[in-house]
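Here the structure is laid out as structure tokens; the discussion comes afterwards.
The values are calculated or read from the model by the stated rules, or taken from the named source; none is laboratory data. Because the structure is a prediction, the values reported are computed rather than measured. Because the Cβ atoms are built from the backbone with ideal geometry, glycine has one as well, and the counts that use them run over all protein chains shown. Just so you know, the surface numbers come from the protein's heavy atoms only, side chains and all, with ligands and any DNA or RNA stripped out. Shrake-Rupley method; radii C 1.70, N 1.55, O 1.52, S 1.80 Å.
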Amino acid sequence: MPHIHKDIDFTVSAAIVFNGKILLVDHPRYGVWLTPGGHVELTEDTDQALLREIREETGLQENDIEVVSERVDPDDAGKAKPLWVPRWMNIHPANPPHRHIDLMYLVRAKTDRIALDRAEHNDIRWFGDEELQDAKLPMFADNRWYAREAIRLLS
């Protein structure tokens with residue numbers, strides 16, 4: 001999806017872990033491995049955006065995953081919809097001067113069956129912690145930390 005606002009957009013990303021490995025996509029624009037994710041569209045909340053991006057970019061359906069997050073509903077009268085709380089948040093450049101505020105969620109996969117969407121990415125695969133430590137693996141330093149931490153937290 002194209003940028004919604006000229007300065008800053010909200011995005012969601014999913015640190016998806018299965019059996020001690022994290023799922024990453026090879027992003028064609030940036031030439032690095034990233035966690036799956038994308039823009040929050042104007043017609044959706046962050047929960048909907050997260051599930052949509054996971055489905056579109058990995059082929060994993062809602063019943064194939066578990067979002068490991070708190071979702072508190074202090075008013076069960078239904079006036080407010082509780083949303084998953086992201087594990088991490090950051091703001092980063094995305095085609096400067098444009099920036100993204102990213103909400104990153106921990107997600108446990110129940111299967112390792114994935115599907116590559118060639119319209120979105122060059123490749124998709126599972127990485128273990130040892131592979132993530134290889135400095136030759138093209139990744140942004142913060143994404144490498146998030147990926148390794150997600151494996152640690154969900155293994």
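For the range 56-64, backbone phi angles converted through the Karplus equation (6.51, -1.76, 1.60; θ = phi - 60°) give residue-by-residue couplings of 5, 8, 10, x, 6, 8, 4, 7, 8 Hz, Gly and Pro being listed as x. Estimated at 0.36 nm per residue, the fully extended path between SER155 and ASP26 surpasses their Cα-Cα distance by 44.1 nm.
Convex hull of alpha carbon positions in the range 1-121: directionally averaged projected area 8.3 nm². Tell me, how many Å apart are the Cα centres for the range 93-111 and for the range 3-43? About 4 Å separates the Cα centre of the range 93-111 from the one of the range 3-43.
Computing FRET efficiency as 1/(1 + (r/R0)^6) for LYS136 and LEU116, where r is the C-beta to C-beta distance and R0 is 22 Å, gives about 0.50.
Counting heavy atoms of the protein chains only and a 1.4 Å probe, report the per residue accessible area for the chain as a whole number of Å². Could the numbers behind the result be given before it?
Numbers: 8690 Å² over 155 residues.
Ligands and nucleic acids excluded, the result is 56 Å² per residue.
Around LEU153, what is the net charge, scoring Lys/Arg as +1 and Asp/Glu as -1 over all other residues with Cβ under 11 Å from its Cβ? Don't skip to the end; give the middle numbers.
Numbers: positive: ARG87, ARG108, ARG148, ARG152; negative: GLU149.
Charge balance near LEU153 sits at +3.
In order along the range 38-51, phi translates into HN-Hα couplings of x, 5, 7, 6, 5, 9, 9, 8, 5, 4, 5, 5, 4, 5 Hz, rounded to whole numbers, per the Karplus curve 6.51 cos²θ - 1.76 cosθ + 1.60 with θ = phi - 60° and x for Gly and Pro.
Sorted by mean Cβ packing within 10 Å, highest first, what order do the peptides 6-16, 82-92 take?
Numbers: 6-16: 19.9, 82-92: 15.2.
So the order, starting with the most tightly packed, is 6-16, 82-92.
Can you pull the percent of the range 74-121's accessible area that's carbon plus sulfur, 1.4 Å probe, other chains left in place? Ligands and nucleic acids excluded, carbon and sulfur reach 54 percent.
Among 142-151, 51-60, how do they line up from the highest to the lowest mean number of other beta-carbon atoms within 10 Å?
Details: 142-151: 18.8, 51-60: 20.7.
Ranking the peptides 142-151, 51-60 by packing returns 51-60, 142-151.
Give me the net charge of ILE91's neighbourhood, meaning all other residues with Cβ under 14 Å from the Cβ of ILE91; Lys, Arg count +1, Asp, Glu -1.
Working: positive: ARG99; negative: ASP7, ASP9, ASP102, ASP142.
So the environment of ILE91 carries a net charge of -3.
Residue-wise HN-Hα couplings along the range 90-106, as the Karplus relation 6.51 cos²θ - 1.76 cosθ + 1.60 with θ = phi - 60° gives them from phi, are 8, 10, 8, x, 9, 6, x, x, 5, 9, 10, 9, 9, 9, 9, 10, 7 Hz; Gly and Pro carry x.
Each other residue within a Cβ distance under 10 Å of ALA109 adds +1 if Lys or Arg and -1 if Asp or Glu, for a net charge of +1. For the range 16-123, the dipole from Cβ point charges (+1 on Lys and Arg, -1 on Asp and Glu) about the Cα centre works out to 260 debye, to the nearest 20.
For a paramagnetic label modelled on ILE91 (point 7 Å from Cα along Cα→Cβ), amide N atoms under 17 Å away belong, within the range 6-43, to 6-12, 40.
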